[in-house]
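Worksheet for the structure shown next.
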Amino acid sequence: EAGVAQSPRYKIIEKRQSVAFWCNPISGHATLYWYQQILGQGPKLLIQFQNNGVVDDSQLPKDRFSAERLKGVDSTLKIQPAKLEDSAVYLCASSSLAGLNEQFFGPGTRLTVL
Amino acid sequence: QKEVEQNSGPLSVPEGAIASLNCTYSDRGSQSFFWYRQYSGKSPELIMSIYSNGDKEDGRFTAQLNKASQYVSLLIRDSQPSDSATYLCAVYNTDKLIFGTGTRLQVFP
């Protein structure tokens, strides 16, 4: 079974530029999550989708971050414009509805904002 | 009070010893509990899930849950240098997984 796929793996941009990350969850997983992990901290949930609907986006900085999951499969997270404090690893995870809340993570995208 | 608390470490243990990692959580309504292992520069990997009070064993790993004390732990028997990583405790409550900051484990030969 293929795991969660993410791209790109690394991205370096200057502040005020925009950037987009892509995620493809494990096949059949209805729920998809985007997390932000800052060095030395645990992952922090940004947004949760179930199929193509948003379940929780309470911690998403909506003035600059946006995410979509149009067909209920893969998802895109965008930052526009980026700030220095957005430097972090952006992790995508997925879970199945019958999976007892177990979440499986992709390899992540390491974003550096200069 | 943090929702999920872990000692950041590092916890240093010799090869072959038992490593004991601890986690406390604040919300009594929490339903599910997880341990993730994260190697430096890698993403978190799920290694244990526990849902009811008591012990759950999987190979060299044992997860222990005490809901009355709001405490969950992970024991790693016969620790190996390859177990050196950060171990993240995660607690599921009201549709959200809350992570601790992780405990860094170092296993020395």
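The values are calculated or read from the model by the stated rules, or taken from the named source; none is laboratory data. Given the structure is predicted, the values throughout are model-derived calculations rather than measurements. Heads up, the Cβs are rebuilt from the backbone with ideal geometry, glycines too, and the neighbour counts pull from every protein chain shown. All accessible areas refer to the heavy atoms of the entire protein, side chains included, with ligands and DNA or RNA removed. Shrake-Rupley method; radii C 1.70, N 1.55, O 1.52, S 1.80 Å.
Data for the structure
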{"quantity": "Scaled radius of gyration (Cα, divided by 2.2 N^0.38 Å) that the range B:1-106 gives", "calculated": "1.00"}
{"quantity": "Cα-centred dipole magnitude for the range A:1-104, charges only on beta-carbon of K, R (+1) and D, E (-1), debye, nearest 20", "calculated": "360 debye"}
{"quantity": "Calculated from backbone phi, Karplus (6.51, -1.76, 1.60) coupling profile of the range B:93-109 in Hz, x at Gly/Pro", "calculated": "8, 6, 6, 9, 9, 10, 9, x, 7, x, 10, 7, 9, 10, 10, 9, x"}
{"quantity": "Paramagnetic reach from A:THR112 in the range A:77-96 [backbone N under 17 Å; point 7 Å along Cα→Cβ]", "calculated": "A:83-90"}
{"quantity": "At 0.890 mPa s and 25 °C, Stokes diffusion of the protein assembly as shown via Kirkwood alpha-carbon radius, µm² per second", "calculated": "136 µm²/s"}
{"quantity": "Heavy atoms of B:ASP58 accessible to a 1.4 Å probe, total area in Å² rounded to 10", "calculated": "90 Å²"}
{"quantity": "Model label zone, B:ASP58; criterion: amide N under 18 Å from point 7 Å along Cα-to-beta-carbon; scope the range B:1-24", "calculated": "B:19-23"}
{"quantity": "By accessible area with a 1.4 Å probe, ligands and nucleic acids excluded, highest first: order of A:TRP22, B:TRP35", "calculated": "A:TRP22, B:TRP35"}
{"quantity": "Total lysine pairs whose alpha carbons fall under 22 Å of each other in the protein assembly as shown (8 or more apart, or interchain)", "calculated": "25"}
{"quantity": "Chain B, dipole about Cα centre (Lys/Arg Cβ +1, Asp/Glu Cβ -1), debye to the nearest 20", "calculated": "140 debye"}
